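Working notes, beginning with the structure itself.
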Amino acid sequence: TCDTGDQQTTAAVHLKEAAATIVERLKDVATYEGEDAVFECRLSQETAQDAQWFLGDVPLQSNEMNEIRVQGTRHSLILRKVTLEDCGSITFKVGQHSSAA
């Protein structure tokens, strides 16, 4: 605000947060049936709220079969005790960016 006594003008500053990008991509994982499969990637910033994991086209959530972790910029997916039905493409998406293994 600028106030000269008999006149006043006001302006505002608006900031947009830069979109997160994937700086460390997913790598393929080979394991034995009944073991855990761990996938990790790293983002350019910590504040990525729209990050999502997929097995094929199915979105994944943390539950007794899948563990999703976020530690700073590192995002991890642990598939517990994998079976042959778990074979396929794992995709991590954030904003307009994605990585698959």
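The values are calculated or read from the model by the stated rules, or taken from the named source; none is laboratory data. For clarity, every value in this text was computed on a predicted model and none was experimentally measured. All Cβ positions, even for glycine, are placed from backbone atoms using ideal geometry, and neighbour counts span all protein chains on display. Note: areas computed on protein heavy atoms with side chains; ligands, DNA, RNA excluded. Shrake-Rupley method; radii C 1.70, N 1.55, O 1.52, S 1.80 Å.
Selection of segment 65-85 for residues being touching a strand residue (DSSP E or B) at 6+ places or on another chain (Cβ under 6 Å), over 17 Å from HIS97 (Cβ atoms) and open to solvent by 40 Å² or more (accessible area, probe 1.4 Å) yields GLU67, ILE68, ARG69. Among the conditions (1) part of a loop (DSSP other than H, G, I, E, B); (2) loosely packed, with under 14 Cβ neighbours inside 10 Å, VAL29 misses just one, which is (2). Evaluating ASP36 against the criteria (1) at pLDDT below 90; (2) open to solvent by 50 Å² or more (accessible area, probe 1.4 Å) leaves one unmet condition, (1). Comparison of ALA11, ALA19 shows that the only residue that is touching a residue at least 24 places away in the same chain (Cβ under 8 Å) and assigned to a loop (DSSP other than H, G, I, E, B) is ALA19.
Scoring SER62 on the criteria (1) of a type in the set (Gly, Ala, Ser); (2) open to solvent by 60 Å² or more (accessible area, probe 1.4 Å); (3) at pLDDT 95 or above leaves a single failure, condition (3).
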